[in-house]
Amino acid sequence: MKPKNNFLLLVLVLFAFSGYGQKNGYDLWLSYKKIDNETIVDQYKSQLKNVIIYDAGETTAVIDFELKTALKKMMGVTLSKDNSLNTGNSLIIGKVNSLPNNISKNLSLTNLSSDGFAIRTVRINNQNNTVITSPTNSGLLYGTFHFLNLLQQQENIAQLDVLDNPKIDIRVLNHWDNLDRTVERGYAGFSIWNWHTLPTYIDQRYIDYARANASIGINGTVLTNVNSNALILTPHYLEKVKALADVFRPYGIKVYLTARFSAPIEIGGLETADPLDAKVIEWWKTKTAEIYSLIPDFGGFLVKANSEGEPGPQNYGRTHLDGANMMASVLAPHKGIVMWRAFVYSEIDPTDRAKQAYSEFVPDDGQYLENVLIQVKNGAIDFQPREPFHPMFGAMPNTPLMMEFQITKEYLGFATHLVFLPKLFEEVLQSDTFQQGKGSTVAKVINGSLHKNDDKLTGIAGVANIGTDLNWTGHLFGQADWYGFGRLAWNPNLEAEKIADEWLRLTFTKDEEFIKPIKKIMLKSREMVVNYMNPLGLHHIFDSGHHYGPGPWVSNLSRPEWNPVYYHKADKFGVGFDRTKSGSNAVAQYAPELAEKFRNIETCPEEYLLWFHHVAWDYKLKNGRTLWDNLGIHYQKGVNQVSEMIETWEKIKPYIDENQYHETAMRLQIQLKEAIWWKDACMSYFQTFSKMDFPIEMEKPAHDLAYYKSLNFPFAPGIRPSWH
Ligand code: BDP
């Protein structure tokens, strides 16, 4: 008997600690929690007696399933299916052209665009009904998710009048996933694409991934890393890609692949990949046709060329324009597109790295084929905690520019720091380029409204933060970044605050005692990370390769612009990169109104000060204190803000699941430790130049500089295998 009892005890102990039965976050914002307010449930039940779905097909089957699951979970009901319109209180779902005339004629849908949806309360035979309609199947699905979203938030649905169109056409995630399932800059486990068991084994995750994306309007996914492997284009892998495309299709999600420029050599047996060579063009034509024969709605290619050692047209004396247009011409007959990245800088170009993409692309404005989008990172360097917007957004009015945001937090604390990225995205999108005078925001550039050419493609990409972790994103709050990216892709003018509010309600509770303080910390968190990592315009002072933690002293890498010292240029006079006329003159890439403002140290916003200026240590900032003191004050403020966040988190314990509470609490402790590390390492290092005492506001470093320099993390996650 004894061993058995011990075994039982072990099982019980494991059970208690396993978090079994507790929330693990897998459901994301789609947990469809039981509605705890009986009055509301009664109202909903009386308004939703019956469902009528007019179109039959894969997407409507998904809609049906989602409705069933959601309504069962939220209020324990299954709607009956009665196709007569006499009962009233029906939920009616159908494409604009499929709805009976007596319904569609009263809907006034002139402003509805394809993939947009309307949700309206309509009276039929003197009874109220709720209609969800759209010109397309995807729109019906988006409308259904929106409707369920209203229920989850316990909104009043008695008189609905919603019309919502996506403002951007192509809304894609970019997975930097390798074929061996590692994820470049991924901090949430391995790639969710199990290439080994595809195409036969369809993991439930693929379906849940598609549901989650569709629920926020994402309509495309680039499955593979921009540092691409040509093998993905071989028949063996294309079968697997097809299987994923088949899973995603009902959810309105198209599949795209990264195309390695040298693929004609590596898998095609050619001697060149010159984009003007007839054999090379023929090879891409045949390859593209092969892909479309398997995946008729294949989206197209994403290309990283002549960047960080990746092959490209310049290897053959050709330009980005030559390369992009060649690929576009082979995709065009199939209605595919090319997303050509502007993240380029070269080891043989001695000019400021921040200027190089502009110089390579802007002169060719207007010459790209119609199905090319130039994909531009939000800033000119590289996804830093704060960068001024990329000047290309204000300089290519005749070319569709696609935004590239990074959702995974390569430079913002990996998956251990709570930093709500929609705040960063919002700042970029609302920046004014002055391209057509005041009010020419980046959002208007990328949604096409600034240049009013209705035929032009529009797009936005987010580098995914998704992996095999139970909760998908490692940090529970990383889900908010995925959610927020989708919402902004749908409407780039949404406010970060609204996004935080929605996400919190859907994910946790609508209790204001929880929402209010947590929303507040989320909204502050972006400025907080800037404070403790890269205040006052400092940038790219991360340790090299893995980019984990501070490394402002790194100066031994082969390429100058890979070294943090290149970016901060600290010396005994001061710190910062002079991008004015006396320096690289990168300011001149902005519209005159902005260039003027950035150029003058007195008018340059303090958050960009060291981005544009080399500033003396004793230069007085607006608060009357020296630059040096202000650096210390910012670093300390960032640390203090993390401590405050921890205090807030402790107070909300009663409102959320214990497991989720503890997970986040532990990550916050890591964040605090790392914020202090950033402050101490950076201030100790910069002190060797400023030779000034730390400001009184700043807590002194616990160790000397040698200690911080000695820290070494050969196995920090997310690094490109070849960079180890
Ligand atoms: C850098 C990343 C590198 C990516 C590169 C890119 O460190 O892993 O390959 O961006 O966007 O920030 O191509």
For residue 710, which of the numbered conditions (1) more than 16 Å from the ligand (Cβ to nearest atom); (2) crowded, with 16+ Cβ neighbours inside 10 Å fails to hold? (2)
Search result, residues across segment 168-187 that are closer than 21 Å to residue 251 by Cβ and within 16 Å of the ligand (Cβ to nearest atom): 172, 173, 174, 175, 177
Matching entry among 591, 570 (being touching a residue at least 40 places away in the same chain (Cβ under 8 Å) and farther than 18 Å from residue 682 by Cα): 591
Is it true that residue 194 is within 16 Å of the ligand (Cβ to nearest atom), closer than 29 Å to residue 716 by Cα and under 25 Å from the mean Cα position of the chain (by Cα)? no
Quick check on segment 642-652. Is at least one of its residues aromatic (Phe, Trp, Tyr) and open to solvent by 30 Å² or more (accessible area, probe 1.4 Å)? no
Given the conditions (1) surrounded by 22 or more Cβ atoms within 10 Å (Cβ to Cβ); (2) of a type outside the set (Asp, Glu); (3) within 26 Å of residue 489 (Cβ to Cβ), every one holds for residue 129 apart from (3)
Qualifying positions in segment 675-703 - β-branched (Val, Ile, Thr) and under 15 Å from residue 643 (Cα atoms): 676
Output the residues belonging to segment 513-563 that are within 14 Å of the ligand (Cβ to nearest atom), buried (at least 23 other Cβ atoms within 10 Å of the Cβ) and more than 23 Å from the chain's Cα centre (by Cα). 551
Which is modelled with pLDDT of 95 or more, surrounded by fewer than 24 Cβ atoms within 10 Å (Cβ to Cβ) and either outside any helix (DSSP H, G or I) or in contact with a Leu (Cβ under 6 Å, 6 or more places away or on another chain) (or both), of 383, 420? 383
Quick check, is residue 258 within 16 Å of the ligand (Cβ to nearest atom), in the same structural domain as residue 470 (by TED's automatic domain parsing) and over 17 Å from the mean Cα position of the chain (by Cα)? yes
Consider only pairs whose beta carbons are under 9 Å apart and that are at least six residues apart or on different chains; among these, list those whose first residue lies in segment 128-145 and is among the aromatic types (Phe, Trp, Tyr) and whose second residue is open to solvent by less than 10 Å² (accessible area, probe 1.4 Å) and in a strand (DSSP E or B). 142/117; 142/134
Inside segment 100-125, can you point out the residues that are closer than 14 Å to residue 140 by Cα and not in a loop (DSSP other than H, G, I, E, B)? 117, 118, 119, 120
If a residue must be within 16 Å of the ligand (Cβ to nearest atom) and surrounded by fewer than 22 Cβ atoms within 10 Å (Cβ to Cβ), how many such residues does segment 346-376 contain? 4
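Does residue 629 count as open to solvent by 10 Å² or more (accessible area, probe 1.4 Å), within 16 Å of the ligand (Cβ to nearest atom), touching a residue at least 40 places away in the same chain (Cβ under 8 Å) and among the charged types (D, E, K, R)?
So residue 629 does not fit the description; no.
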Can you find a residue in segment 663-670 that is touching a Pro at 6+ places or on another chain (Cβ under 8 Å) and not assigned by TED's automatic domain parsing to the domain that holds residue 419? no
Considering only residues that are open to solvent by 10 Å² or more (accessible area, probe 1.4 Å) and either more than 16 Å from the ligand (Cβ to nearest atom) or touching a His at 6+ places or on another chain (Cβ under 6 Å) (or both), which ones fall in segment 217-239? 219, 231, 234, 235, 236, 237, 239
Number of positions in segment 55-69 that are of a type outside the set (D, E, K, R) and surrounded by fewer than 20 Cβ atoms within 10 Å (Cβ to Cβ): 5
Limited to segment 414-427, what total is found for residues that are farther than 19 Å from residue 665 by Cα and within 16 Å of the ligand (Cβ to nearest atom)? 2
Taking the condition of being under 24 Å from residue 299 (Cβ atoms) and open to solvent by less than 10 Å² (accessible area, probe 1.4 Å), how many residues in segment 423-457 meet it? 5
Members of segment 164-199 found to be without any contact (Cβ under 8 Å) to a residue 40 or more places away in the chain and either in contact with a helix residue (DSSP H, G or I) (Cβ under 7 Å, 6 or more places away or on another chain) or among the β-branched types (Val, Ile, Thr) (or both), listed by number: 197
Which of the residues spanning segment 386-413 are farther than 22 Å from residue 169 by Cβ and more than 13 Å from the ligand (Cβ to nearest atom)? 386, 388, 391, 413
Inspect segment 271-286 for any residue being open to solvent by less than 20 Å² (accessible area, probe 1.4 Å), of a type outside the set (Ser, Thr, Tyr) and within 16 Å of the ligand (Cβ to nearest atom) and give the result as yes or no. no
Condition (residue is within 21 Å of the chain's Cα centre (by Cα), within 30 Å of residue 639 (Cβ to Cβ), small (Gly, Ala, Ser) and modelled with pLDDT of 95 or more) applied to segment 433-453: is it met by at least one residue? no
Just to be sure, is residue 711 under 20 Å from residue 420 (Cβ atoms) and hydrophobic (A, V, I, L, M, F, W, C)? no
In segment 325-345, what residues are more than 16 Å from the ligand (Cβ to nearest atom) and touching a residue at least 40 places away in the same chain (Cβ under 8 Å)? 325, 326, 327, 328, 329, 330, 331, 334, 336, 337
Matching option when the condition is surrounded by fewer than 17 Cβ atoms within 10 Å (Cβ to Cβ) and under 30 Å from residue 455 (Cβ atoms), among 138, 84, 108: 108
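Here's the yes/no breakdown for (1) modelled with pLDDT of 80 or more; (2) among the polar types (S, T, N, Q); (3) assigned by TED's automatic domain parsing to the domain that holds residue 469:
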residue: 2; (1), (2), (3): no, no, no
residue: 6; (1), (2), (3): no, yes, no
residue: 24; (1), (2), (3): yes, yes, no
residue: 43; (1), (2), (3): yes, yes, no
residue: 70; (1), (2), (3): yes, no, no
residue: 75; (1), (2), (3): yes, no, no
residue: 78; (1), (2), (3): yes, yes, no
residue: 82; (1), (2), (3): no, no, no
residue: 88; (1), (2), (3): yes, no, no
(1) assigned to a strand (DSSP E or B); (2) aliphatic (A, V, I, L, M); (3) open to solvent by less than 10 Å² (accessible area, probe 1.4 Å) all hold for residue 163 apart from (3)
Residues (more than 16 Å from the ligand (Cβ to nearest atom) and in contact (Cβ under 8 Å) with a residue 60 or more places away in the chain) located in segment 294-322: 299, 300
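The values are calculated or read from the model by the stated rules, or taken from the named source; none is laboratory data. Values in this document were obtained by computation on a predicted structure and should not be read as measured data. We place every Cβ from the backbone using ideal geometry, glycine too, and count neighbours over all the protein chains shown. Keep in mind that these areas ignore ligands, DNA and RNA; they rest on the heavy atoms of the full protein, side chains included. Shrake-Rupley method; radii C 1.70, N 1.55, O 1.52, S 1.80 Å.
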